[in-house]
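Colleague: One structure is given below, represented as structure tokens, and several questions about it will come after.
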Amino acid sequence: MRPIVLGAALMAAAPLAAQQVVTSSGPARVAVTIYRAPDRGAADAINPAWLGGYALISEEREVAIPAGDATIRFEGVAAGMLAETALVEGLGAGVSEKNLDAELLSPRNLYARAFGRPVTLRRTDAKGHTREEPAIIRSAPDGAAIVQTKAGFEIANCGGLKDAIAYEGLPEGLNARPTLSIATHAASAQKARVRLTYLAWGFDWQAHYVVKLAPGAQAAEMTAWVTLANGDTTGFAQAQAAVVGGKPKFEESREEPEEAQDLVLHCRLSPVPPPLNEAAPVFAPPAPVAMMADIMVTGSKRMMAPPVVVKEEVLGDLRLYRVPMPTNVTAHSQKQVALMAARRVKLGLIHRADVDVGAEDGESQQARIRLRMANRKADGLGLALPAGGVAVVQQVGAAALPVGEGAMEDKAVGETANVEIGTSPQVRLESRTRRINDRVEMITATARNANRWPVHFESQQLLPDGARVISASAKLGRQDGHPLWAVTIPAGGKVSLSYRLQLPR
Amino acid sequence: MMKRRAANWAPLLLGAMTYASGAYAAPVNAQGQVAITIYNNDLALVQDVRQLDLPKGRALTDFADVSAQIRPETVTIAAPGAAVVEQNFDYDLLSPERLVDKGVGQPVTIIRTNRATGVETTERGTILANNNGTLVQIGNRIEVLGDMDARLVFDQLPEGLKARPTLSVTLDAAQGGRRPVTLSYLSRGFSWKADYVAMFDEKAGKLDVQGWVTLNNTSGTTYPAAKLLLVAGAVGDGGGGDGAEQPRFRPTRPAGIVGTQAAAREQVGDFYLYPIANPTTLAQAQQKQVSFLDVKGASATKSYWYRNAWAATSDEAQSFASVINFSNAREGGLGDALPAGTVRVYTRDASGAPQFVGEDNIGHTPMGSTLALKTGEAFDVKIQPTVEKREKIDGAEWERVAQYRITRDGKAETVSVDAPKAYWRTHMAYRLTNARAVPVTVEVVQAGLDRGWHDTRVSAESAKGEMRNADERVWKITIPAQGSVNLTAQIDARY
């Protein structure tokens, strides 16, 4: 016998029980501030199927509050709302309690609520004839339906009949979506402009930097974009949108919404193992990943000067980047706005390979390529740069070809960013260690450049604890507590370094 | 146990006619006056006083609408003038399989449908067996139900199968009559915690705090108009229940000071009670919030904190943690004990709208405590620790590190063991930067100084530090606006 799943379409609409319930259907004004997924690294892309970030949503609503005790229901809030963060301001009388009703209207919940109640059984036989018959539900939805009909007690959907259940109305307390309601008590009826503020899951944003580079150049054209994504089923029209840079602490774990279990009427009569002594909780399988329909990317003219650039603002120890005009933050979509307009930026392109004394010898290693940018006005920057991906492109003919990709952490003004964008097969380093005696070693390192232009090369000398460099063939600087060999390798040339190492006793 | 016979059908049908006209009437709930005491650790005591009409002598009473997550071993029943004979918690649930199983050997009606004509024929028969297929006997024939295009209709539901887990109690009453029967039990599926909304004004140094109690009911049952009492504590979890995560090793967060003032609240044992004034409906799958604290203008300060593990170099600058410090003392503070929960901090942006700037969890906090909330990492205040140099300090000094006393043939003898005393000197440099428009004071913690020798020394430092304990040295440094400070320290240790 084929199980059927009862559709909610069978339900007749019915009024809710009369009570002082005021429904606010939607906000008059809304602001959405999006925060990055707390555990997503600077280099990791947004996962559009499961947005791990969150948003602060702040709505203004016109509500007519009746005199006496009343319940105000807020509709059209984000489905990912964290109800414990909800804050309602602007009610003169104050809020005595807030409720989030999460018991959802589903075939199974409807069946459970109809226990012991009369329903209509629509029975279709093998010939396709349909007849309706009154019945009373006698079992809970676990397992399958057992109903009482005129004939006696029988199992729905058994013995050649296909049964559908039609209910007489909607029970109280079941909602189509999780719904926030507040209880108010007002002395007299009044119209209020209420501000509702809450955090909600299912948002994310990411910064992307694009650096257009000429080989060997000391400056580049840089643009940056903010991509913001809304994975919620609720969209926000004409919203004041902003994103927050920095790392606020946010430790909520995103809980799966309580999965509405299916109601399956099956007719399997063979014995099943007797129930366990402990009524073990039944875990629902994980929710299917929400499909992201209609991913909409705006701002396609990426390399042209964009008309709109987000406005930076200090927010305590964080940074707020505000989209300067109202915008639609549509459900299941992402959107791009410029973080900064194209500008010329001074930067250094450095090839880097370290000498790890004591590690394996003689092997040639590829240099890693780093972008070095000082975040200051003099070099064309000097603004708080939020963490994000960095793409390096090079103009070849008409196309800007990607030549490297990396990521950058949050960079405050005055900091220097080192962004590793890839490894170079053209620039290599070899090093050798020769033992002179118990306490002295001789190190030689050779760096080669096969490019048709000179490169800046840096190499940290990672020494054993307590070791000292004596008589180096080139002047060594210091970086991160290590001796640093910084040199320019000519086009198609090589440079060498040698020094003695005094080891501790 | 009530037997539901087919003969009972007529009044039910009549009932159906009246129902059919409109929505459901309010669901009939068997609960009486319910009081629920909720603890922090998924535990609640439910007390349910029901007015029951008990017959004289022994009788079985079903208690419907108890929590679906009841712990049946904790049920107690008090009925004046009646004694409890036995209590049963039935979880043998009614399902098609169990219905047929229990129906083996029973007469049933078999309705057979002719596939070609759709005509139904009704016969009486008996279920013979239900083992991987159902066998029925009709007269002298034995057939397999699955091959028959037939369905079974039972005259009655078998005894002992319940639609949902049910508590049933056999009571022996000396006199018949109506009386209050108190049912109390422990249940899972309830929890509560505190949620605080803190509006922080850094310039004014003020903090407005609203406290909300957040209740969750996932017990599977709705309790209309229940009296609620919340206990700020966890019982029976063997300690460690102050509501906040316990650090596994040393505290890796800025520390507060625990207070000793008593709040003006009722206590049970060592726990504070938070009663909720009016009877409240606690619906299944509902999260409910009730206000319990609203304080405006408590003083609060911002500070910065960073803890470096031993000898760690970062090739990139690390953010200081932003910390908000305030007190819940009577004077200048929030003036109440704080139940465990989450504090979410908001700050107004340039347009005056509140924006979320981070959150932190607190444990149950007695009144008079100083709290340090770590709300996130500062964008503009950073530190880059570097191990500049490590060198061995050679010395001719030797030290007796161990001395044993051995008694041999009744004669005590002392054995000394000498080991070379070797120190490593580590030169640490910390580059502190502040891109903010105001000077900030930061707290730098260098940890990992104590590894069991207890003799690590800081032999030189660029600013005066202080040993907070054997493991941690703390420097308080002011970094000028848009400036930087280099802090250096020379640490002599055995490793």
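The values are calculated or read from the model by the stated rules, or taken from the named source; none is laboratory data. This one's a predicted model, so the numbers in the text were calculated from it and none came from an experiment. We place every Cβ from the backbone using ideal geometry, glycine too, and count neighbours over all the protein chains shown.
Colleague: Return the pair list, or none, for Cβ contacts closer than 6 Å from residues in the range B:197-216 that are more than 9 Å from chain A (Cβ to nearest Cβ) to residues that are assigned to a strand (DSSP E or B) and of a type in the set (D, E, K, R), at least 6 apart or on different chains.
Modeller: The qualifying pairs are B:Met199/B:Asp208; B:Asp208/B:Lys296; B:Leu215/B:Lys288.
Colleague: Same structure again: How many residues does the range A:46-64 contain that are under 26 Å from B:Gly352 (Cα atoms) and not small (Gly, Ala, Ser)?
Modeller: Total satisfying the criteria: 8.
Colleague: Is it true that some residue in the range B:303-312 is at pLDDT 80 or above, surrounded by 17 or more Cβ atoms within 10 Å (Cβ to Cβ) and of a type in the set (Gly, Ala, Ser)?
Modeller: yes
Colleague: Given the conditions (1) exposed (fewer than 14 other Cβ atoms within 10 Å of the Cβ); (2) closer than 30 Å to B:Glu73 by Cα, and given that B:Gly118 satisfies all but one, which numbered condition is not satisfied?
Modeller: Looking at each condition in turn, B:Gly118 falls short on (2).
Colleague: Please work out which residue is farthest from the other protein chains (Cβ to nearest Cβ), limiting yourself to the range B:115-138 and to residues that are among the hydrophobic types (A, V, I, L, M, F, W, C) and farther than 20 Å from B:Pro96 by Cα.
Modeller: B:Ile138
Per-residue answers, yes or no, for (1) within 30 Å of A:Tyr167 (Cα to Cα); (2) polar (S, T, N, Q); (3) at pLDDT 85 or above:
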{"position": "B:Ala20", "(1), (2), (3)": "yes, no, no"}
{"position": "B:Gln31", "(1), (2), (3)": "yes, yes, yes"}
{"position": "B:Ala35", "(1), (2), (3)": "no, no, yes"}
{"position": "B:Ala44", "(1), (2), (3)": "no, no, yes"}
{"position": "B:Asp53", "(1), (2), (3)": "no, no, yes"}
{"position": "B:Arg58", "(1), (2), (3)": "no, no, yes"}
{"position": "B:Arg71", "(1), (2), (3)": "no, no, yes"}
{"position": "B:Thr76", "(1), (2), (3)": "no, yes, yes"}
{"position": "B:Gly81", "(1), (2), (3)": "no, no, yes"}
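Colleague: Restricting to the range B:360-391, and then to whatever is acidic (Asp, Glu) and in contact with a strand residue (DSSP E or B) (Cβ under 6 Å, 6 or more places away or on another chain), can you tell me which residue is modelled with the lowest pLDDT?
Modeller: Once the filter is applied, the top-ranked residue is B:Glu391.
Colleague: I've got another one for you. Every residue in the range A:423-438 that is within 16 Å of A:Ser459 (Cα to Cα) and not polar (S, T, N, Q), please.
Modeller: Within the range A:423-438, A:Val427, A:Arg428, A:Leu429, A:Glu430, A:Arg432 meet the criteria.
Colleague: Ok, one more. Could you tell me which of the residues A:Ala86, A:Ala79, A:Ala43, A:Ala67 is closer than 23 Å to B:Glu359 by Cα and surrounded by fewer than 18 Cβ atoms within 10 Å (Cβ to Cβ)?
Modeller: A:Ala79
Colleague: So, restricting to strands (runs of 3 or more DSSP E) that lie completely within the range A:402-505, which ones have at least 1 residues that are crowded, with 18+ Cβ neighbours inside 10 Å and away from chain B (no Cβ under 14 Å)? Steps first, please.
Modeller: Details: elements: A:416-437, A:440-449, A:455-462, A:468-470, A:477-479, A:482-489, A:494-502.
By residue number, A:416-437, A:440-449, A:455-462, A:482-489, A:494-502.
Colleague: For the range A:18-105, which fully contained strands (runs of 3 or more DSSP E) count at least 3 residues that are of a type in the set (A, V, I, L, M, F, W, C)?
Modeller: Per the criteria, A:29-35, A:53-65, A:68-74, A:81-89.
Colleague: Kindly evaluate A:Gln461 against the criterion of being without any contact (Cβ under 8 Å) to a residue 40 or more places away in the chain, within 41 Å of the chain's Cα centre (by Cα) and closer than 20 Å to A:Arg370 by Cα.
Modeller: no
Colleague: Then there is this: Return the total of residues in the range A:140-177 being free of Cβ contacts under 8 Å to residues at least 12 places away in the same chain and touching a His at 6+ places or on another chain (Cβ under 9 Å).
Modeller: 1
To keep it simple, each residue is scored yes or no on (1) in contact (Cβ under 8 Å) with a residue 12 or more places away in the chain; (2) surrounded by 13 or more Cβ atoms within 10 Å (Cβ to Cβ); (3) farther than 20 Å from B:Arg390 by Cα; (4) within 14 Å of another protein chain (Cβ to nearest Cβ).
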| residue | (1), (2), (3), (4) |
| --- | --- |
| B:Thr433 | yes, yes, yes, yes |
| B:Gly448 | yes, yes, no, no |
| B:Arg451 | yes, yes, no, no |
| B:Ala460 | yes, no, no, no |
| B:Glu466 | no, no, yes, no |
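Colleague: What's the total number of residues in the range A:145-164 that are on the phi < 0 side of the Ramachandran plot, facing another protein chain (nearest Cβ under 7 Å) and more than 45 Å from the chain's Cα centre (by Cα)?
Modeller: 7
Colleague: Taking the stated definitions as given, is A:Ile137 of a type in the set (Val, Ile, Thr), within 30 Å of B:Glu159 (Cα to Cα) and within 7 Å of chain B (Cβ to nearest Cβ)?
Modeller: no
Colleague: Consider B:Ala353 carefully, then state whether it is surrounded by fewer than 21 Cβ atoms within 10 Å (Cβ to Cβ), modelled with pLDDT of 85 or more and within 14 Å of another protein chain (Cβ to nearest Cβ).
Modeller: Working: surrounded by fewer than 21 Cβ atoms within 10 Å (Cβ to Cβ): yes; modelled with pLDDT of 85 or more: yes; within 14 Å of another protein chain (Cβ to nearest Cβ): yes.
Yes; evaluated as a whole, the condition is true for this residue.
Colleague: Which residue is farthest from B:Gln47 (Cα to Cα), if the candidates are limited to the range B:270-293 and must be at the interface with another protein chain (Cβ under 9 Å from one of its Cβ atoms) and not in a loop (DSSP other than H, G, I, E, B)?
Modeller: Within the range B:270-293, the match that is farthest from B:Gln47 (Cα to Cα) is B:Ser291.
Colleague: Of all strands (runs of 3 or more DSSP E) completely enclosed by the range B:415-495, which ones contain at least 1 residues that are small (Gly, Ala, Ser)?
Modeller: It comes to B:423-434, B:457-461, B:483-493.
Colleague: Quick one: in the range B:176-206, which of the residues that are in contact with a strand residue (DSSP E or B) (Cβ under 9 Å, 6 or more places away or on another chain) and outside any strand (DSSP E or B) is surrounded by the fewest Cβ atoms within 10 Å (Cβ to Cβ)?
Modeller: Among residues in the range B:176-206 that are in contact with a strand residue (DSSP E or B) (Cβ under 9 Å, 6 or more places away or on another chain) and outside any strand (DSSP E or B), the one surrounded by the fewest Cβ atoms within 10 Å (Cβ to Cβ) is B:Ala204.
Colleague: In this structure, does A:Leu199 turn out to be part of a strand (DSSP E or B), of a type outside the set (S, T, N, Q), more than 9 Å from chain B (Cβ to nearest Cβ) and more than 30 Å from A:Ala398 (Cβ to Cβ)?
Modeller: Working: part of a strand (DSSP E or B): yes; of a type outside the set (S, T, N, Q): yes; more than 9 Å from chain B (Cβ to nearest Cβ): no; more than 30 Å from A:Ala398 (Cβ to Cβ): yes.
In short, no.
Colleague: From the set of residues in the range B:356-377 that are on the phi > 0 side of the Ramachandran plot and surrounded by 22 or more Cβ atoms within 10 Å (Cβ to Cβ), which is farthest from the chain's Cα centre (by Cα)?
Modeller: B:Gly376
Colleague: Among the residues that make up the range A:307-322, is at least one of them modelled with pLDDT under 90, farther than 30 Å from A:Glu441 by Cα and exposed (fewer than 13 other Cβ atoms within 10 Å of the Cβ)?
Modeller: So far as the range A:307-322 goes, yes, one or more of its residues are modelled with pLDDT under 90, farther than 30 Å from A:Glu441 by Cα and exposed (fewer than 13 other Cβ atoms within 10 Å of the Cβ).
Colleague: Do the conditions hold for B:Ala116, that is, is it farther than 17 Å from B:Arg151 by Cβ and modelled with pLDDT of 85 or more?
Modeller: It is false that B:Ala116 is farther than 17 Å from B:Arg151 by Cβ and modelled with pLDDT of 85 or more.
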